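**Q** Pasting in a structure now, in structure tokens, and then I'll have a few things to ask.
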Amino acid sequence: MKKLKSSIAGLALAFGAVTMAAAAPGARATQPAGTPALAAVPPAADAPAEIPALQIDAIQRGDRGYGLSVFAGTDPVRFDVEILGVVRNLHPDTSFILARLSGQGLEDSGVVAGMSGSPVFVDDRLAGAVAFSWSFASDAVAGITPIGAMRDLTRLPAVPPARLVASTGAELPTIEQLLHGVFPEDLLDQRLQALAPRVVTGAASGLQWTAAGFGDATLGRLERALGQVTPSGSSPDLDLDLRAGSAVAGVLVGGDLQLTLTGTVTERRNDDILAFGHSYLGLGPIDLPMAPAEVITVVSSRATSFKLANVGPVVGAFSEDRLAGMLGKVGRRARTIPVEIRVATTPASGADAASEAERRFELEVAEIPLQTPTLAAVGVLEAMGVARHQSGNQDLAVEARLQLKGLEPLHLERHFAGSSAAINAALYVLSVMSFVMHNESEHVEIERLEVDLRQSADPRTVSLLAAHPSERRVRPGADVDLRLALRRYRGETFHRTVSVKLPADLPTGPYFLFVGDGPSIDAARLQMEPSQPDSFRESLELLRSFHRPSDLVVLGVLPSPGLVVDGKTLPRLPGSVRSIWSASGPLSAKPIGLAIRAQHAEALDFPLTGGVRVDLQVLPPRS
């Protein structure tokens, strides 16, 4: 027993099964909405009086009983249980029962991922729920969470889920990263790893991730972050009855893609559901849609055997995610974020124009700290893989529109090209959502996310080579024509003319025009007039001021010694004032040498890259 205890001492391992399935667009287990529609569920039939609990102090080595779980279909069946003993205080005030399971092929398969929550009975009393096991174990030895700890979940006060970044550990993207669309290459992998349950060092996760219809790129990424990935599916017409031993799922993503956490119901009392016998991430209060599941079969493995499952329609929601298990309620609605992804593909040069097509994907993503942006990003990445491809050189235009409760919508556009275009687009969506959801100033609800992706095999970006003014000696208020030299990718140079009107109050002297694509000129603008928003709403206004990659922007700039004070630009200050501000310390004021006087933008029918400077000399106005 001491040897067995030592093998557990570093372990808090929960068993369940997570399924991720891609269905044909339009066939979905849930209906996209802020609060998904619930399938009608019959009440618990002839609910018996609460089954007496077997207190952990009454457990004896050698006691025999049985458990309930689903191994095929939807009907729970019995398996045999032999009590081995009790591991006391594995966690403070938390003990676990150890048992050897047999029957239903468990002698060969070992404890199966997806059995977490399977109720265990001894002398017709409910002892607890199967909760954890060991990979590569030769016997089906399981840890069982005492039912008393699970029933305590029903007595917890209702508390809203934590939504601030402080509760997630997320690192917020910067304004500059959102402007340039450049993020760490392993950001999505890091966030995917955060989807895995928390386990003690040295323990192997008992959760099973499965996928269907995913390309090699997404599967490989999921496997690197989460381990083994196996196939699964969905079943909108599934039997909705949930009872002790039934398979049950927490729906992280519903709709055309489905991501669920699947385990077993331990006990149902009226509409309350106790399940899993362990936490998912130990988030405490949670808002996660709940659905019944159907087991297709059990797959035996030398590492960890698992259940393949189909998931039914949403019937309720989980509200607690604790060490002892998860608490759900039939008929309760969890808030989700509707995500619509549209992928349009443009044929390569010389291809039939009829090959252009558009695919649409509708998802519902659970609103869970840190995870929601990651799940949306995986949806974007896989939508591109299903519609066309993720890897390989491509040209990709991205539009993201976020409907924000109580605020004006946020609409951002970026352009990516090359072999990393798809992952960069997914990272951009992840970062924009993280910036909004995890800001430290105020709680912001995303009511809906729409993402438009336009893929093209041929690069569409046009390079700006030069800009030649019609004249360099100009008067205030004059119109200046800029003749732009442009070149397509592997194409010839062509020209376009843009007319810019100068401000009527320009002082005599040098005047500069910065000409280029929207993001490049926005970056130059932030360098000349650094901005430090004081609130999230000011940050939103700054984001809304950013131009698109297909915008040609001309920025008129004057030499103008000034200061940036607390994020506010004070141009053309007298030297005495600059000295006073500068003497107050380097953190309060930063010197600047240029001031923006005018801005002109024109929309192009292609993405632009590059920037040039045009030097002008302003003459005195005519008398």
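**Q** Putting +1 on Lys and Arg Cβ atoms and -1 on Asp and Glu Cβ atoms, find which of Leu506, Gly477, Gly516 reaches farthest to the positive end of the dipole of the stretch 466-517.
**A** Final value for the positive-end residue is Gly516.
**Q** Taking amide H positions as placed in the peptide plane 1.01 Å from N, state which residues far from Gly325 in sequence (5 or more) or on other chains have amide H under 5 Å from it.
**A** So Gly325 has HN proximity to His278, Ser279.
**Q** Testing the spin-label approximation: label points 7 Å from Cα along Cα→Cβ at Val498 and Asp534. State their distance in nm.
**A** 3.4
**Q** Listed highest first by mean packing, meaning other Cβ atoms within 10 Å per residue, what order do 432-445, 513-526, 246-259, 311-324 come in?
**A** The densest-packed peptide leads the list: 246-259, 311-324, 513-526, 432-445.
**Q** Let me ask you something else. Could you check the spin-label model distance between Arg125 and Asp458? Points 7 Å from the Cα along Cα→Cβ, value in nm.
**A** Going from the Arg125 label point to the Asp458 one covers 7.8 nm.
**Q** So for the stretch 76-125, Kirkwood radius off the Cα pairs, Stokes-Einstein at 10 °C and 1.306 mPa s: how many µm² s⁻¹?
**A** 129
**Q** Quick one: if the Förster radius is 45 Å, what FRET efficiency do Glu82 and His443 give, using the C-beta to C-beta distance and rounding to 0.05?
**A** Given R0 = 45 Å and the Cβ-Cβ separation, E is 0.35.
**Q** Right, next: For the stretch 399-531, report the accessible area per residue in Å² (1.4 Å probe, heavy atoms, rounded to an integer).
**A** 43
**Q** Okay, next question. Note down the net charge around Val554, summing +1 for each Lys or Arg and -1 for each Asp or Glu among other residues with Cβ under 14 Å from its Cβ.
**A** -1
**Q** Shifting gears a bit: Assign one of three labels to the stretch 439-561, namely rounded, prolate or oblate, based on the Cα gyration tensor with a ≥ b ≥ c the square roots of its eigenvalues; rounded applies when a/c is under 1.5, prolate when it is not and a/b is larger than b/c, and oblate otherwise.
**A** oblate
**Q** Viscosity 1.567 mPa s, temperature 4 °C: give me the Stokes-Einstein translational D for the stretch 49-180 in µm²/s, with Rh taken as the Kirkwood radius over C-alpha pairs.
**A** Translational D for this selection: 76 µm²/s.
**Q** I've got another one for you. Ranked highest first by the average count of other Cβ atoms within 10 Å around their residues, in what order do 360-367, 413-420, 377-384 fall?
**A** For the peptides 360-367, 413-420, 377-384, the packing ranking is 377-384, 360-367, 413-420.
**Q** Could you tell me which of rounded, prolate or oblate describes the stretch 447-510, using a ≥ b ≥ c as the square roots of the eigenvalues of the alpha-carbon gyration tensor, with rounded for a/c under 1.5 and, failing that, prolate when a/b is larger than b/c and oblate otherwise?
**A** oblate
**Q** Using mean Cβ contacts within 10 Å as the protection proxy, how do 120-132, 448-460 order, highest first?
**A** Per-residue Cβ counts within 10 Å, averaged per peptide and sorted highest first, yield 120-132, 448-460.
**Q** Using alpha-carbon positions, what is the distance between the centroids of the stretch 244-262 and the stretch 119-157, in Å?
**A** 21
**Q** Keeping all protein chains in the complex and leaving out DNA, RNA and ligands, what accessible area do you get for Lys501 with a 1.4 Å probe, in Å² to the nearest 10?
**A** The value for Lys501 is about 130 Å².
**Q** Now for a separate question. Given a 1.4 angstrom probe, I'd like the percentage of the accessible area of the stretch 372-528 that is carbon and sulfur, rounded to a whole number.
**A** On the stretch 372-528, the fraction of accessible area on carbon and sulfur atoms equals 44 percent.
**Q** Next question, about the same structure. If you take every residue apart from Thr609 with its C-beta less than 13 Å away from the C-beta of Thr609, what net charge results, scoring Lys and Arg +1 and Asp and Glu -1?
**A** Local net charge: +2.
**Q** Also: Can you work out the accessible area per residue across the stretch 63-134, with the rest of the protein chains kept in place, probe 1.4 Å, in square angstrom?
**A** 35
**Q** Okay, moving on. Using R₀ = 51 Å, calculate the FRET efficiency as 1/(1 + (r/R₀)^6) where r is the Cβ-Cβ separation of Ser545 and Val159; round to 0.05.
**A** 0.85
**Q** Once the mean 1/r over all distinct Cα pairs of the stretch 46-89 is inverted, what Kirkwood radius in angstroms do you read off?
**A** It works out to 12.9 Å.
The values are calculated or read from the model by the stated rules, or taken from the named source; none is laboratory data. Treat the numbers as computed from the prediction; the structure is a model and nothing was measured. Note that we place each Cβ from the backbone using ideal geometry, even for glycine, and neighbour counts take in every protein chain shown. Only protein heavy atoms, including side chains, enter the accessible area calculation; ligands, DNA and RNA are left aside. Shrake-Rupley method; radii C 1.70, N 1.55, O 1.52, S 1.80 Å.
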